[in-house]
Amino acid sequence: MLASCSGQAADWQPLDFDRYQSDMRLSFDALPISVEYTPIGDGMSWTAISAPPDALPPRPITMRAQSIPPRHEFPEHAHDWHQVVYAVDGMLMAIAENRSFVISPEQAVWLPSGIRHRVGSLLGAEFRSLWISVDSGRGLPMAPTVLAVSPLLKQLIVEAAAIEARKDSDGYTDRVTTLILDQLARAPALTAGLPWPRSERLLRLCETLYVDPADERGLDDWAKALGTSSRTLTRQFEAEMGLSLRSWRRQVRLLRSIELLRRGTGITETALQLGYGSASAFIFAFRTEMGSSPHAYIRKSDTSQ
């Protein structure tokens with residue numbers, strides 16, 4: 001039986017960018033409690049939100065559908081059950097076991113029971129959370145894991161949210177639940193997931209570039225703005241993030257481009273928002289990373305759904 005509730009509105013392994021490209025191709029009726037606070041001492045205010053008070057323990061699954069506004073997060077907590085963290089639209093940030101990353105709608109995070117974690121969104125997201133009983137999660141990873149979300153798994157999650165309030169007299173809900181569990185067991189584990197910093201200095205840098213990928217400031221400019229040297233900033237970034245600032249910016253542009261294109265933003269406008277000099281430059285960069293043009297990628301994604 002799938003229980004549910006709804007409402008409105010938080011260092012993974014170093015990223016292997018070649019594997020990342022491959023992985024990316026796989027592709028409250030009750031108001032929540034909100035409290036403004038500043039996590040991790042970064043000087044940037046976020047708003048804490050809570051799960052709906054009517055959320056039931058999973059038997060075997062509880063589905064939660066919530067809209068997370070920009071700069072809102074669920075503060076650090078843990079469950080006595082497993083959780084799948086997913087967004088049908090927008091990007092989610094997740095922190096678990098002192099590792100931080102951003103995931104797209106092609107990815108989900110598997111969080112085993114007892115793991116302390118935070119989840120939120122910098123720009124807002126349509127959050128879908130699946131609480132899964134311990135018994136039903138047997139055979140799934142014992143550690144936090146990024147999973148590839150197939151078009152079938154995405155549609156099953158969407159359907160589970162859509163039927164949450166319906167009376168089930170023919171066992172349909174149970175069949176959807178069974179299929180979700182089956183698809184989770186088959187979902188490939190990914191190394192992908194945009195690394196996200198924990199230190200105050202890098203948080204300021206990465207939040208700015210994530211919100212505005214067109215920011216033209218280079219390494220020397222950022223070092224001066226952050227009160228450090230270029231060499232120190234380079235060492236700190238690579239040690240904490242597992243890749244260079246240049247590579248990280250390239251990944252941000254890729255993720256943000258997919259987000260913008262999925263929301264219907266045109267090619268030229270997407271290119272401008274990302275800081276490319278022209279639409280053709282954006283198309284070339286996208287094709288280099290994803291193996292297809294932006295139009296072809298989105299068209300394939302739409303038809304597979």
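The values are calculated or read from the model by the stated rules, or taken from the named source; none is laboratory data. Model, not experiment: these values are computed from the prediction. Reconstructed Cβ throughout: ideal geometry from the backbone, glycine too, with neighbour counts over all protein chains shown. Protein only, heavy atoms only, side chains kept; ligands, DNA and RNA dropped before computing areas. Shrake-Rupley method; radii C 1.70, N 1.55, O 1.52, S 1.80 Å.
A few notes on this one:
- No other residue among K154, K167 is outside any helix (DSSP H, G or I), out of contact with any Leu (no Cβ under 8 Å at 6 or more places or on another chain) and among the charged types (D, E, K, R) apart from K167.
- Residue count, the stretch 85-98 (criterion: more than 11 Å from the chain's Cα centre (by Cα) and part of a strand (DSSP E or B)): 1
- The listed residue being small (G, A, S) and either crowded, with 18+ Cβ neighbours inside 10 Å or part of a loop (DSSP other than H, G, I, E, B) (or both), out of A239, A223, A185: A223
- Where a residue in the stretch 68-82 is part of a loop (DSSP other than H, G, I, E, B) and its partner, wherever it lies, is of a type in the set (K, R), with Cβ under 6 Å and at least six apart: A78/R116
- E73, sole failed condition from (1) open to solvent by 10 Å² or more (accessible area, probe 1.4 Å); (2) within 16 Å of Y210 (Cβ to Cβ); (3) not basic (K, R): (1)
- The C-beta contact set for the stretch 266-294 (first residue part of a loop (DSSP other than H, G, I, E, B), second residue open to solvent by 80 Å² or more (accessible area, probe 1.4 Å) and of a type outside the set (S, T, N, Q), distance under 7 angstrom, 6+ apart or interchain) comprises G275/E216; G291/R25; S293/R287.
- Residue tally, condition surrounded by 21 or more Cβ atoms within 10 Å (Cβ to Cβ) and closer than 28 Å to D174 by Cβ, over the stretch 76-91: 7
- Residue match in the stretch 163-175 (condition: under 20 Å from the mean Cα position of the chain (by Cα) and either open to solvent by 30 Å² or more (accessible area, probe 1.4 Å) or of a type in the set (A, V, I, L, M) (or both)): no
- None of P58, P69 is modelled with pLDDT of 85 or more and over 25 Å from V102 (Cβ atoms) except P58.
- Test for L205: is it within 18 Å of S100 (Cβ to Cβ) and more than 18 Å from the chain's Cα centre (by Cα): yes
- Complete set of residues in the stretch 132-154 that are within 17 Å of the chain's Cα centre (by Cα) and either modelled with pLDDT of 95 or more or within 24 Å of R175 (Cα to Cα) (or both): L147, A148, V149, S150, P151, L153, K154
- Residue within the stretch 284-297 that is open to solvent by 40 Å² or more (accessible area, probe 1.4 Å) and either of a type in the set (F, W, Y) or modelled with pLDDT of 95 or more (or both) present: yes
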